[in-house]
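**Student:** First the structure, which I've put down as C-alpha cells, then a few questions once you've had a look.
The values are calculated or read from the model by the stated rules, or taken from the named source; none is laboratory data. Small disclaimer: the values here were computed from a predicted structure and weren't measured. Virtual Cβ from ideal backbone geometry, glycine too; neighbours counted across all protein chains shown.
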Number of protein chains: 2
Amino acid sequence: MDASSPKDFASRLSTVADEAEAVLKRLLDDAPLSGEIVRPERLLAAMRHGTLGGGKRLRPFLVVESAALFGVAQAGALYAGCALELIHCYSLVHDDLPAMDNDDLRRGRPTVHKAYDEATAILAGDALLTLAFDAMARTDVHPDPAVRSALVLELARAAGIGGMAGGQMIDLAAEGRFDKRRLDNKEIATMQAMKTGALIRFACRAGAIMGKADTATLARLDAYGVAIGQAFQIADDLLDLESDAATLGKAAGKDAAAGKATLVATLGAPGARKRLAELVGEAEAQLAPFGAKGDILRATAHFIAERRA
Amino acid sequence: MDASSPKDFASRLSTVADEAEAVLKRLLDDAPLSGEIVRPERLLAAMRHGTLGGGKRLRPFLVVESAALFGVAQAGALYAGCALELIHCYSLVHDDLPAMDNDDLRRGRPTVHKAYDEATAILAGDALLTLAFDAMARTDVHPDPAVRSALVLELARAAGIGGMAGGQMIDLAAEGRFDKRRLDNKEIATMQAMKTGALIRFACRAGAIMGKADTATLARLDAYGVAIGQAFQIADDLLDLESDAATLGKAAGKDAAAGKATLVATLGAPGARKRLAELVGEAEAQLAPFGAKGDILRATAHFIAERRA
C-alpha cells in the first residue's frame, strides 16, 4: 500500500477493523465457560451488544501497526489489541450508565443499559474488563510469558486509577458534581491524558514491548502515543462542537451543555486546531528513525487529527 | 501452632488478616499514580472505603496456607492473595449498588455508594478490579513471569463470565427479574459455585501454582477448594437465615425476602447442615497426602463450615 494515499490508508484501517471484529467475536463466542456452569446468556448478549458491530477499532490498529515496525507477527499483536479494545468497550458501557454520563445512544444504537438494564450493564462492563486481562495473559498474544506479564501490568496501569478510571473520576468532578472548582488548561490536558490518552499511549507502547524494542525506541513510541492521544481528544471535542446528532450517532453539543472540561472550550476552535497541527508534527518527529516503515503511523496521526466522524 | 486448637487457628487467621490489611493499605497508598496526573482523591478514598478496615481476609489466608504446603515464601503468596482480595472487594462494591442488591450497609458501615455516590462506587469497583490484575502481574508475587501469567489468567477466569460475574448474573435472574423460571437444586449449586466458589477455588489453586505442584496435587487443592467453596456458601445462607442484623452487620433474612435462590431454602436447615458435614469430609480427604502439613487447611474447612459470623 501507499500509506500517504488516503484511500489506501482507509482500506488498511478497515481491513484491520474487520480482523479485530472477528477476533472479538471469537473471544465472546468462545468465552471461558468451561466445566459445569449455567450459561449466563443475558450477560453474554449484553457483552456482545457493548463490543461488536462497530467502531474504527483504532486501538487494535495502533497495536498492530506499532508492532509491525518491529516485525512482530500480526496475529499476536491483533490479539493484544483486542484485549485492549475490550477495556475500551467496558469503559463505554459503564460511562453511559445513568449515574455516569447518562447516555441512551452509542453509535446510533441503544446503550447497553437501555437495551438490557442497569444491573446487566454494570456486570457486562465488569465481565468485559475481566475478559481483557484473560485475553492478554493467553499465549495467543505472545509465546514469552515475560512479555505477557509486562503487557498485563501496563494495561492495568493505563486503565486504572492513574489512567482511564482516574481520568473519568476527575472529569465527573470537573462537571461540578463534587466541588465547584473548575480545572485550568493544564489540568484539563492532564485529565484527558489519563481518561482517553492512556489507552492510546498503551496501544503504541504495546507494539514496542512485543517487539522487545530498546529503551530509546520504546520512548519514541511512547511520545508518539502521547501526542496522538492528545490529538484524538481535541479532535473529538471539536467534533462534539461541530457535528449534529445524525453524523455523530450521539447527542451533539452535549459536552458544552454538561459543562464538560475541554480544551476546545478554553482555547476556542481556532486555537484547538492550531494545537492539533502541532501535535501531528510532534508525532511525526518521533517516527523519523523508522523511515518509510513509519508511513502508516504517520498517516494515522493525520487521520486522527483530521477525522470528521 | 497447634492447628487443631481453635484458639491457635483463630490467632493464625487473625495474624494473616492483619498482614493482608497492611499489604492492601500499601497497594492503595502507593497506587500507581506516576507521571503527571491529577490525583483522583475521591476515587482513592472510595477504593479505601471498599477495601480496608475489616473482613476475615479468608481468600488471602487460603492462598498463603495453600502456598505454604509447597514451601512457597509467604510474602509473595500474601501479595497474590491481596490481588485476589481486591477482586472480592470490587465485587462487594458493585453488588451493593442500587441496580444490583441495593444494600446500604456492609460490615455495619455505609456501603460505598451511600458514603460517596453511585458514579464513584461504579468507578471505585472498576479501579479495584483493574488494580487486582496490576498487583498480580508484579514481581512481588513471584519472580517467574510464567507463574504470574498463569495466575492472571486463572484469576480472570475465576472472576469473569464463567465464574463470579456470570454467577452474579444468574443469581439476579433467579430473583425473577428477567424471567419467571426458578432454578433447580443443581442449578443453584452451580450458580453458587460460580458466584462465590470460583474465587475460593482459585485461592487454593493459586498456592499450588506458585508452588509448581504436579497435576495430581493441583487437582487435590482444586477439589479441596471446590468443597470449601460450597461449604462457605451454605454456611453463609444458614447465617442469613438465623442471624439478626446486629451480628451480621447487614440486613438479615434479606435473601429469603428477595426470593434469592439458596440451597438452605430448598434443602431446609437440617438438610443444609448435613451437606455441610459431607463437604468438610470431602475437603479433609483431599488433604490426606499432606499429613500434619495439612492441619491448617483442615482447620480452615471446619472454620468455614462452623463459623457463626
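**Student:** Among the numbered conditions (1) buried (at least 21 other Cβ atoms within 10 Å of the Cβ); (2) at the interface with another protein chain (Cβ under 8 Å from one of its Cβ atoms); (3) within 26 Å of B:E41 (Cβ to Cβ), tell me where B:E118 comes up short.
**Tutor:** (1)
**Student:** Sticking with this one: Across region B:133-156, what is the total count of residues that are in contact with a Phe, Trp or Tyr (Cβ under 9 Å, 6 or more places away or on another chain) and among the basic types (K, R)?
**Tutor:** 1
Residue by residue, here is whether (1) in contact with a strand residue (DSSP E or B) (Cβ under 8 Å, 6 or more places away or on another chain); (2) aliphatic (A, V, I, L, M) holds:
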site: A:Y90; (1), (2): no, no
site: A:D96; (1), (2): yes, no
site: A:R106; (1), (2): no, no
site: A:Y116; (1), (2): no, no
site: A:L129; (1), (2): no, yes
site: A:F133; (1), (2): no, no
site: A:P143; (1), (2): no, no
site: A:R148; (1), (2): no, no
site: A:A158; (1), (2): no, yes
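Residue-wise test of (1) buried (at least 24 other Cβ atoms within 10 Å of the Cβ); (2) within 14 Å of A:T130 (Cα to Cα); (3) among the polar types (S, T, N, Q).
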site: B:A68; (1), (2), (3): no, no, no
site: B:A80; (1), (2), (3): yes, no, no
site: B:A99; (1), (2), (3): no, no, no
site: B:L105; (1), (2), (3): no, no, no
site: B:P110; (1), (2), (3): no, no, no
site: B:T130; (1), (2), (3): yes, yes, yes
site: B:A159; (1), (2), (3): yes, yes, no
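**Student:** Filter region B:1-14 down to residues that are among the polar types (S, T, N, Q) and over 18 Å from the mean Cα position of the chain (by Cα) and give me whichever is modelled with the highest pLDDT.
**Tutor:** Looking at the filtered set, the residue picked out is B:S11.
**Student:** B:A31 is checked against (1) touching a helix residue (DSSP H, G or I) at 6+ places or on another chain (Cβ under 8 Å); (2) assigned to a helix (DSSP H, G or I) and fails just one. What number does that condition carry?
**Tutor:** The one condition B:A31 does not meet is (2).
**Student:** Given the conditions (1) free of Cβ contacts under 8 Å to residues at least 24 places away in the same chain; (2) in contact with a helix residue (DSSP H, G or I) (Cβ under 8 Å, 6 or more places away or on another chain); (3) within 27 Å of B:E175 (Cα to Cα); (4) not hydroxyl-bearing (S, T, Y), and given that B:A158 satisfies all but one, which numbered condition is not satisfied?
**Tutor:** B:A158 satisfies every listed condition except (1).
**Student:** On to the next question. Can B:A75 be described as in contact with a helix residue (DSSP H, G or I) (Cβ under 8 Å, 6 or more places away or on another chain) and modelled with pLDDT of 95 or more?
**Tutor:** no
**Student:** Those residues that are more than 9 Å from chain A (Cβ to nearest Cβ) and either out of contact with any Lys or Arg (no Cβ under 8 Å at 6 or more places or on another chain) or within 13 Å of A:I161 (Cα to Cα) (or both), I need them from region B:129-147; list them, please. If you could, list the steps in order and put the result at the bottom.
**Tutor:** Of region B:129-147, the ones more than 9 Å from chain A (Cβ to nearest Cβ) are B:140-143.
B:D140, B:P143, listed by residue number.
**Student:** Listed residues A:A156, A:A203; which is at the interface with chain B (Cβ under 7 Å from one of its Cβ atoms) and of a type outside the set (S, T, Y)?
**Tutor:** A:A156
**Student:** Are there helices (runs of 4 or more DSSP H) fully within region A:62-148 with at least 3 residues that are touching a residue at least 24 places away in the same chain (Cβ under 8 Å) and among the aliphatic types (A, V, I, L, M)? List them.
**Tutor:** Counting at least 3 such residues, we get A:74-95, A:118-136.
**Student:** Restricting to region B:79-102, name every residue that is within 11 Å of chain A (Cβ to nearest Cβ), within 14 Å of the chain's Cα centre (by Cα) and either more than 19 Å from B:A206 (Cα to Cα) or at pLDDT below 95 (or both).
**Tutor:** Those that are within 11 Å of chain A (Cβ to nearest Cβ), within 14 Å of the chain's Cα centre (by Cα) and either more than 19 Å from B:A206 (Cα to Cα) or at pLDDT below 95 (or both): B:Y90, B:S91, B:V93, B:D95.
**Student:** Same structure, new question: Checking the structure you have, find out if any residue of region A:161-173 is under 22 Å from A:L52 (Cα atoms) and either within 9 Å of chain B (Cβ to nearest Cβ) or basic (K, R) (or both).
**Tutor:** yes
**Student:** Quick check on this structure: which one of B:A10, B:A45 is away from every other protein chain (no Cβ under 13 Å), among the hydrophobic types (A, V, I, L, M, F, W, C) and either in a helix (DSSP H, G or I) or surrounded by fewer than 22 Cβ atoms within 10 Å (Cβ to Cβ) (or both)?
**Tutor:** Sole residue among the options that is away from every other protein chain (no Cβ under 13 Å), among the hydrophobic types (A, V, I, L, M, F, W, C) and either in a helix (DSSP H, G or I) or surrounded by fewer than 22 Cβ atoms within 10 Å (Cβ to Cβ) (or both): B:A10.
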